[in-house]
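Have a look at the structure below, then the notes.
The values are calculated or read from the model by the stated rules, or taken from the named source; none is laboratory data. All of these numbers come straight from a predicted model, not from anything done at the bench. So basically every Cβ, Gly included, is an ideal-geometry build from the backbone, and we count neighbours across all protein chains shown. All accessible areas refer to the heavy atoms of the entire protein, side chains included, with ligands and DNA or RNA removed. Shrake-Rupley method; radii C 1.70, N 1.55, O 1.52, S 1.80 Å.
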Amino acid sequence: MTDTRRRVKVYTLNEDRQWDDRGTGHVTSGYVERLKGMSLLVRAESDGSLLLESKINPNTAYQKQQEDEKFLTDLFAQLTDEATDEEKRQELVNFLKEFCAFSQTLQPQNRDAFFKTLSSMGILPALEVILGMDDAQVRSAATDIFSYLVEYNPSMVREFVMQEAQQNDDVSKKLTEQKITNKDILLINLIIEHMICDTDPELGGAVQLMGLLRTLVDPENMLATANKTEKTEFLGFFYKHCMHVLTAPLLANTTEEKPSKDDFQTAQLLALVLELLTFCVEHHTYHIKNYIINKDILRRVLVLMASKHAFLALCALRFKRKIIGLKDEFYNRYIMKSFLFEPVVKAFLNNGSRYNLMNSAIIEMFEFIRVEDIKSLTAHVIENYWKALEDVDYVQTFKGLKLRFEQQRERQDNPKLDSMRSILRNHRYRRDARTLEDEEEMWFNTDDEDMEDGEAVVPPSDKTKNDEDIMEPISKFMERKKLKESEEKEVLLKTNLSGRQSPSFKLSLSSGTKTNLTSQSSTTNLPGSPGSPGSPGSPGSPGSVSKSTSQTAAITTKGGLVGLVDYPDDDEEDDEDEDKEETLPLSKKAKLES
């Protein structure tokens, strides 16, 4: 059986209308005989003693929303009241934290109603007051409560801070007219200040707050409606009212060529700031670009390349690598105008021949520029830093950049050469289906005599071709075709004049003492010849009728070889022979075909 008990903290209201902590226990419900009904039972988790036993009925405060709202109103009033005792405030904040933690066990619909109630009762203004207090434990509990709200609905928090900023702007205008300074601090700026001022050596609280800020500025969880776009409105607000607070420690520590403070805790804090700025570069294209260029942020960030802490220098390099990865010419012109590769090249040369993460990261950045062929940055690097990098030969990155640069110069000096290369590149790589079909047709139209020469009509497709190589096989094919046509015309002319064709010979060995030489043409597909053995027109065939008008010569040698030379006269004999061949037995047909 599963344990359905809930862990709760029990408070009771004393005679002075103050909350007394009774302890932490587990709540269950069940029938209590003494109370004659279903009751809530809370037993202490330490010793199992009964902390609370209350009968459930419609008249109790558990079922009345008015009582709940009154309870929350009193709770927030005591939290924000300066007269409240510090110990008491700490208890109330811890109770509210436990209250929010308990809401995570509710069903989604009930959890939504819970947080909406907290929001309507003023939990965010109360948290803003609590976060401004000096008690570190109270601020820590308030941060946990704020994290529950951000994780549940970041849009609700963004809407509150924008409304707060609008109200402050209105108040500031009135106070400016009265020459009074408005010292109100926005909730989100309060979060940033607590992140920057975290006294924990490991910056545990700062890491938590940075994660909350990242969630708030993430466009992926921002809503877009028909009337307004939350991304546009909130990012405009953030870069106007909050970004200067986030970058304040970075700008304060990079006024010179080296970081002003380079201790471990400061380096950790600046690494967190750079991580959030890198996230903004990736997701906030327009706003962060204007801010970086107008405030010269990249120059300040690259000062951290001189830090003695390798992790901080790598964070600065990662920030620049993210900018270059966008391949945005606005960023590229800003980098070239301010010579912002100089700190990177210095760090690379100072690193020497050590094979470490810094060395690999810098080489990878230059390799990206080479592979992606970012022409403006390639020219800038070679023109300004080639002398410092030309001796680096354990990788081919910088020599490859130099080659890219020279190719660009060559194309600029000779535009016609560049266009010719593109044409040849298209011939080499872009072979469509129609070209292949034409080549196949040319191959099948080639005679056997052409193939015996060992020359292919179509060159192999995987070889490098230029224009002359492509046209050469086509011209050869056309020459062969013209030669073949002229030969056929000569043969046709001789046939018309003499009525005969030049014979060709084929040897067929018989089982007897004689071998017959049978006339057969290799270039024409005649079905049968009148002088063939076993054919109807052959003198030795039974039942044959001599209708041939061709002249046959018998040649006898000492070895008993007899050759018959056949001269077909006209096309009519061919038609008759075709008809006669159809009457042959199957065995003789097979022999003739073989």
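Values computed for the structure shown
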item	result
First in region 117-128 and part of a helix (DSSP H, G or I), second anywhere and among the polar types (S, T, N, Q) and open to solvent by 10 Å² or more (accessible area, probe 1.4 Å), Cβ under 6 Å, 6 or more apart	ALA126/THR80
Elements of type helices (runs of 4 or more DSSP H) in region 186-302, at least 1 residues being out of contact with any Cys (no Cβ under 8 Å at 6 or more places or on another chain), among the basic types (Lys, Arg) and closer than 30 Å to LYS327 by Cα	204-216, 230-241, 285-295, 297-302
For GLN166: the one exception among (1) modelled with pLDDT under 75; (2) open to solvent by 80 Å² or more (accessible area, probe 1.4 Å)	(1)
One residue from ASP3, ASP68, ASP20 being farther than 22 Å from PHE114 by Cβ, open to solvent by 50 Å² or more (accessible area, probe 1.4 Å) and either at pLDDT below 75 or in a loop (DSSP other than H, G, I, E, B) (or both)	ASP3
Subset of region 273-304 [open to solvent by less than 20 Å² (accessible area, probe 1.4 Å) and not β-branched (Val, Ile, Thr)]	LEU274, LEU276, LEU277, PHE279, CYS280, HIS284, LEU298, LEU302, LEU304
First in region 382-400 and in contact (Cβ under 8 Å) with a residue 24 or more places away in the chain and surrounded by 13 or more Cβ atoms within 10 Å (Cβ to Cβ), second anywhere and among the hydrophobic types (A, V, I, L, M, F, W, C) and assigned to a loop (DSSP other than H, G, I, E, B), Cβ under 8 Å, 6 or more apart	ASN384/PHE339; ASN384/PHE341; TYR385/PHE341; PHE398/VAL392
Boolean, ARG370 is under 24 Å from GLY211 (Cβ atoms) and in contact with a helix residue (DSSP H, G or I) (Cβ under 9 Å, 6 or more places away or on another chain)	no
Residue list for region 370-414, filter: among the polar types (S, T, N, Q) and within 29 Å of the chain's Cα centre (by Cα)	SER376, THR378, GLN396, THR397, GLN408
Checking HIS427 against (1) modelled with pLDDT under 90; (2) part of a helix (DSSP H, G or I); (3) surrounded by fewer than 14 Cβ atoms within 10 Å (Cβ to Cβ), the condition it does not meet	(3)
Only one of GLN163, GLN107, GLN90, GLN78 that is free of Cβ contacts under 8 Å to residues at least 12 places away in the same chain and farther than 27 Å from PRO219 by Cβ	GLN107
Residues that are open to solvent by less than 20 Å² (accessible area, probe 1.4 Å) and under 13 Å from VAL301 (Cα atoms), drawn from region 244-258	THR247, LEU250, ASN253, THR254
In region 105-119, residue farthest from HIS26 (Cα to Cα) [restricted to those that are touching a helix residue (DSSP H, G or I) at 6+ places or on another chain (Cβ under 7 Å) and open to solvent by 50 Å² or more (accessible area, probe 1.4 Å)]	ARG111
Out of SER360, SER353, SER376, sole residue that is within 25 Å of VAL273 (Cβ to Cβ) and of a type in the set (Ser, Thr, Tyr)	SER360
